[in-house]
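Nothing in this text is a laboratory measurement; each read-out follows from the coordinates by a stated rule. This structure is a prediction, so every number in the text was calculated from the model and none was measured. Here Cβ is always computed from backbone atoms with ideal geometry, including for glycine, and neighbour counts include all displayed protein chains.
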Amino acid sequence: MSVPDAVREIQDTIAKGNYGRADLLCRHTMATLPDFPWPPMLLAKTALKIDEIDACRYWCKETAARLAGYPPAAFPEVETELATLNAELDDAVQKPKAGGTLLIKGWGYGFWSDIEHVIGALLLAEMTNRTPVVHWAGNSYFTDDPSRDAFSTFFEPVSPMTVESIIAEEGDVYPPRWRRGNLLDAPRNVWEEEEKSRFSGLYLLNREERTVVSDYFTQVLELLPWLETNHWLYGADAMDAIRMLYYKYFVLQPDIQGEIDTFVTEYIAGRSTFAVHVRNLDKGLEDPSIVGDNASMLEVLDAQLASNPDQRLYLMTDSAEVVDEYAARYGDRVFNTDCARTDGIVPLTWKDSNTRRRLGVEVIKDTHIAAACDGFIGFGGSNVACMVACLKDWPEGACRLFGDNVKTRRNWLLHDW
């Protein structure tokens with residue numbers, strides 16, 4: 001794409017009201033062309049559209065600084081747009097965040113994808129001075145009772161408020177498809193309705209309604225650049241931010257924590273242990289590189305275990321075939337939890353089960369156990385492997401992800417409308 005085409009795409013995206021995509025495009029172009037004045041000016045326009053006045057001023061100044069590096073009138077359109085923005089900013093004041101409540105609905109996909117959705121929304125709650133409440137309704141893959149909040153079966157509440165207390169409040173609710181009478185419902189049609197439903201966290205930063213509902217995925221990576229300088233995570237990268245937010249807000253239910261502690265004490269404590277996550281080949285339907293990455297991981301493990309003859313190998317996988325393959329390859333050095341696995345390429349979450357809560361428990365247990373090991377390798381396209389990487393501040397070289405890390409890669413699909 002030529003530079004004019006890139007600029008035109010961002011302009012069209014802003015005009016369409018797709019500010020999440022405009023933000024991604026601006027930051028991507030700035031990283032590619034660090035002296036080019038168009039992206040910061042367009043990011044300033046995006047900031048103004050979502051009422052981030054201070055951010056708009058910042059990017060106007062950045063635009064002016066970049067223009068100063070070029071001959072006068074080299075970018076007349078940018079100069080005109082910048083003058084218009086500065087005029088609009090003359091009397092503009094950054095309003096304080098309205099506060100109120102933030103209801104975090106279920107995302108409805110893989111377990112750790114669901115959790116990153118909650119983590120992003122919790123960060124949004126901090127950024128907007130809102131009290132968060134998590135309520136996963138019937139769209140969760142990990143509930144045995146769709147009428148019951150699934151999140152609370154895994155974790156303690158993130159605040160003293162409940163969804164019932166939010167329902168009892170007075171005041172408007174945003175987005176408009178939500179009202180106090182349907183807040184217990186599961187999200188519907190979040191992909192199909194495009195601009196009517198794809199409200200990422202950027203759209204919710206400056207709402208004045210008493211209650212805001214977060215039912216569409218927002219990457220932590222997407223919110224971090226919008227933090228104010230006095231926020232405790234200002235300057236943190238996505239992996240560190242996810243880890244710190246997780247340990248700040250998430251407390252496992254006692255039965256889950258007890259299973260993790262018992263397993264770690266019996267099999268890992270005091271022993272040199274390396275962990276690997278091998279994703280079932282169903283993941284190859286969305287990322288064909290997984291086949292090659294799985295083969296590369298075997299080469300790394302062969303070298304790792306050959307150079308550490310006393311080290312054991314903890315295997316995380318949802319594939320029964322992988323368990324058999326690794327047992328044949330590494331013998332009694334490899335061990336794993338006793339959990340549900342699939343014998344084909346159909347994901348466990350797609351299969352009928354009366355113990356779906358147990359599937360979530362097993363994912364949590366596997367991930368925390370792997371984080372208790374001395375080293376780890378996994379597939380960067382898997383949220384499970386990436387969460388293992390997030391849960392621990394690993395020593396240099398102790399944790400390796402093959403392929404792109406989904407926690408640090410911009411997710412364009414979310415704003416593809």
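Taking Thr153, Thr273, Thr229 as the candidate residues, the one with maximal mean-square fluctuation in a Gaussian network model of the chain, Cα springs under 10 Å, is Thr229. Comparing mean-square fluctuations of Cys56, Cys339, Cys399 from a GNM of the chain with C-alpha springs under 10 Å, the top value falls on Cys339. Charged neighbours of Leu205, selected by a Cβ distance under 9 Å, balance to 0 (K, R count +1; D, E count -1). Pairwise Cα distances in the stretch 180-325 exceed 24 Å for 62 percent of all pairs.
Using a 7 Å offset from Cα along Cα-Cβ at Asp144, what residues in the stretch 355-380 end up with backbone N under 11 Å from the label point? Counting only backbone N, you get 355-359.
Applied to the stretch 212-221, the Karplus parametrisation 6.51 cos²θ - 1.76 cosθ + 1.60 on θ = phi - 60° returns per-residue 3J(HN,Hα) values of 10, 10, 9, 10, 10, 4, 10, 5, 4, 4 Hz, with x for Gly and Pro.
Give the shape of the stretch 254-415 as rounded, prolate or oblate, defined through the alpha-carbon gyration tensor: a ≥ b ≥ c are the square roots of its eigenvalues, a/c under 1.5 means rounded, and otherwise the shape is prolate if a/b is larger than b/c and oblate if not. Taking the square roots of the gyration eigenvalues as a ≥ b ≥ c, the stretch 254-415 is rounded.
The equivalent ellipsoid of the chain has semi-axes of 41, 27, 18 Å, largest first, where each one is the square root of 5 times an eigenvalue of the Cα gyration tensor.
Tell me whether the stretch 1-65 comes out rounded, prolate or oblate; compute the Cα gyration tensor, take square roots of the eigenvalues as a ≥ b ≥ c, and use a/c under 1.5 as the rounded threshold. Oblate, since a/c reaches 1.5 and b/c is not below a/b. Here the 3J(HN,Hα) profile of the stretch 143-148, calculated from phi with Karplus coefficients 6.51, -1.76 and 1.60 at θ = phi - 60°, is 10, 8, 9, x, 7, 10 Hz, Gly and Pro shown as x.
When both bridge partners sit in the chain, DSSP labels roughly 5% of those beta bridges antiparallel.
Only Lys, Arg, Asp and Glu carry charge here, each on its Cβ (+1 for the first two, -1 for the last two); on that basis the chain has a dipole of about 320 debye about its Cα centre.
Taking every lysine pair in the chain that is 8 or more places apart or spans two chains, those with Cα atoms closer than 17 Å amount to 13.
Working from label points 7 Å from Cα in the Cα-to-Cβ sense, the Glu9 to Ala320 distance is 4.5 nm.
Classification of the stretch 101-249 by its C-alpha gyration tensor yields a rounded form. The axis ratio a/c (a ≥ b ≥ c) stays under 1.5. Report the calculated FRET efficiency for Arg358 and Thr84 (r = Cβ-Cβ distance, R0 = 56 Å), to the nearest 0.05. E between Arg358 and Thr84, to the nearest 0.05, is 0.45. Over the residues of the chain, the helix contribution to mean residue ellipticity at 222 nm works out to -13000 deg cm²/dmol, using -39500 (n - 2.57) for each DSSP H run of at least 4. Checking every one of the trypsin sites (Lys or Arg not before Pro) in the stretch 110-182 against DSSP loop status and a limit of 16 other Cβ atoms within 10 Å picks out Arg148, Arg179.
With labels modelled as points extended 7 Å from the Cα through the Cβ direction, what inter-label distance (nm, one decimal) is found for Val93 paired with Glu396? Calculated label separation equals 5.0 nm. Estimated at 0.36 nm per residue, the fully extended path between Asp240 and Asn182 surpasses their Cα-Cα distance by 17.3 nm. When the chain is treated as a GNM with alpha-carbon contacts under 10 Å, the residue of Ser159, Ser113, Ser319 showing the greatest mean-square fluctuation is Ser159.
Computed extension gain for Tyr267 through Arg329, at 0.36 nm per residue and net of the alpha carbon distance, reaches 20.3 nm.
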